[in-house]
Each structure stands twice: as structure tokens, then as C-alpha cells.
1. If you line up the long axis of helix 210-228 against the longest principal axis of the chain, both from Cα atoms, how many degrees apart are they, to the nearest 10?
2. Place a +1 charge on the Cβ of each Lys and Arg in the stretch 114-221 and a -1 charge on the Cβ of each Asp and Glu, then give the dipole magnitude about the Cα centre in debye, rounded to the nearest 20.
3. Within the stretch 49-128, report the trypsin sites (Lys or Arg not before Pro) that DSSP leaves as loop and that have at most 11 other Cβ atoms within 10 Å.
4. For the chain, what is the charge dipole size about the Cα centre, in debye to the nearest 20, if Lys and Arg each add +1 at the Cβ and Asp and Glu each add -1 at the Cβ?
5. Roughly how many debye, to the nearest 20, is the charge dipole of the stretch 201-243 about its Cα centre, given +1 on each Lys and Arg Cβ, -1 on each Asp and Glu Cβ, and no other charges?
6. Putting +1 on Lys and Arg Cβ atoms and -1 on Asp and Glu Cβ atoms, find which of Ser155, Gly66, Ile110 reaches farthest to the positive end of the dipole of the stretch 31-174.
7. Treating the angle as unsigned and between 0 and 90°, give the value, to the nearest 10°, between the Cα long axis of helix 46-56 and the longest Cα principal axis of the chain.
8. Please give me, ordered by residue number, the GluC sites (Glu not before Pro) of the stretch 1-101 that lie in loop per DSSP and have at most 16 other Cβ atoms within 10 Å.
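Every number in this text was worked out from the coordinates using simple rules, so none of it is lab data. Everything quoted here is computed from the prediction, not taken from an experiment. Please note: Cβ atoms are built from the backbone with ideal geometry, for glycine as well, and neighbour counts cover all protein chains shown.
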Amino acid sequence: MGGGSNLLINDGTIETPVLHTALMNAINVVVESGKILLECGAGTNLKQIFRLALDEAWSGLEFLAGIPGTVGGALMGNAGTKHGTIAESVVAVRTVEANGALLDWDANDIEWGYRTSPFPNLGGRVIVKAVFSLRQSEKEQVLERVKMAITERKSQPHGVKTAGCVFKNPQGDTAGRLLDRSGCKGLSVRGAVVSRKHANFFENAGGATADDMVELVRLCGKRVYDAFGVELKLEIKTMGFEEPFPLR
Ligand code: EPU
């Protein structure tokens, strides 16, 4: 478990051990023939990286500014925006496999997909650290791009409890639009509410349980299916539920 920002954890007891990477948060900087290499522990908060990159005018990850979470979580779900994903700056990743062996992944050997990576920890694989490659730039330019990224996120709810986008965008459309057009905005199951600002964000408006969220996910998934015949797929990660997570 990283920052928990894109994660829905079941109510009650979790039967498996949970590793929390929060303290694996060291950053080492190596400058190598004009390239800036940032070696970050899996628990490094993305904010730490954005702040450092902004201070030093290092370019490459600005478009991700404002995305909450840790390096491990962001890599696992290949976090991104319409301008790209975190994968594009990755040079190497180190994991610990279920048998305890360390495995070093070269960027060229990693198969990334839309919000997917080869790192889901179902088989016991844990990301330990990753190396990102950034370029020296001008502070004003980096700041400008960070500001742009933050402005783009103004259409999303801020300062409320959400787990980011609930569903992945289906091919050729967006989950937010489909949810909105099928009348999901404002729908609620007890404390779990579909954001009125952006329909692909579900808020915990107070006292929502994981069960409430699951019920809301199913309700909205069904609405979109009935209206458009599109079966939305979950983007949020789940913990402590039956796998695969039952959407219907
Ligand atoms: N839309 C609506 N109603 C809504 C929400 C959106 O009609 O309630 C429409 C918008 O008007 C727009 C379209 O849907 O025409 C797309 O919306 P937006 O620009 O907000 O982008 P998105 O596709 O919903 C994606 C990523 C976000 C990322 C933004 C910005 C996914 C599932 N979502 O959202 O990522 O921040 O682009 O780059 O890929 C995440 O992955 O957790 C996430 C939030």
C-alpha cells in the first residue's frame, strides 16, 4: 500500500498482511552527462518530487502535478493525465518478488498500459524504488507547466474525500461524460455521493463505508450500461475484496 489515494479498502478485517511503504521515501539525485536521475523509494510522496523538481527547475513530470500518491502507487497504476503518464520518465524499477529475490527492471522491458503496469502485487510483488530521468530546464517554464496541470484539474473535485477517478475511460469516450449523461451526478448511497463537479469522482460526504461505495459503483455502472451499452471498468484499486471485484 502506498498513499492509499486510488484505493478502496473493504470494511472489516483484512486477512492478508499489508505492507505500507511510507518510510521508504529517500530520494537520491545523480547528474549524469546532462541528465538528472532521481532514484526514489516506493513510498516517496509525489509532492516531494514535484517540489524538488520545481526548486531545481527539472522538467519531465510537471504534467502530473496535483496527482496525489506515492511513487509505488503511481507506477503500479501508471498514473497519468491526457498529456502522458509517469511511465514516460521511468528509467528503471526495482521490485521484491514473492520469493524475496530482488528484480531490476529496465524501462525497455516494462510493458505499460493505460493505467496498468506489470507490478500489481497480487502475486506478492512489491515495488521498492524507481529511477526517473528529468531534464534541466528554466524555473519559469517548469512553473508554467505545473500551473497548467493544476488549472486543468480545476474541473475535478478538490478538498473533498475521493479516491480519484473511479472508472477507466473506455475506448473512444470518457467515463465522466457517460456517467454524467446517464444522470449519475448527485446519486448517493448513504454517505457515498457522485460528485456534482465531475461524475467519475465519488465522494465520501461523511460516514460512507466501503459497502456504500461498492453499491454506488454498481448502481452507476448499471446506469451507464443501460443507457449506452458500455461496461465501465474500475480504475481504483481494491483491497480485501473478492478478486475479481464484482461489478454487478
Ligand atoms: N465530462 C462530463 N461530465 C463530467 C465529467 C466530464 O461531461 O461530469 C466530460 C468533459 O466535459 C470532457 C470529458 O468528459 O469533455 C473528459 O473529462 P476530463 O477532461 O475531466 O477528463 P477525464 O477523461 O474525465 C482524465 C483522467 C484523469 C485526469 C484527467 C486530466 C481517466 C479515467 N481520467 O479524466 O485522471 O486527471 O483526464 O488529464 O483516465 C485518474 O486517473 O484518477 C484521473 C483523475
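1. The answer is roughly 80 degrees.
2. Working: 18 positive and 10 negative charges, 34 e Å.
Roughly 160 debye, rounded to the nearest 20.
3. Lys82
4. So the dipole magnitude of the chain works out to roughly 880 debye.
5. Magnitude of the dipole: close to 140 debye.
6. Ser155
7. 40
8. Sites meeting the loop and neighbour criteria: Glu15, Glu97.
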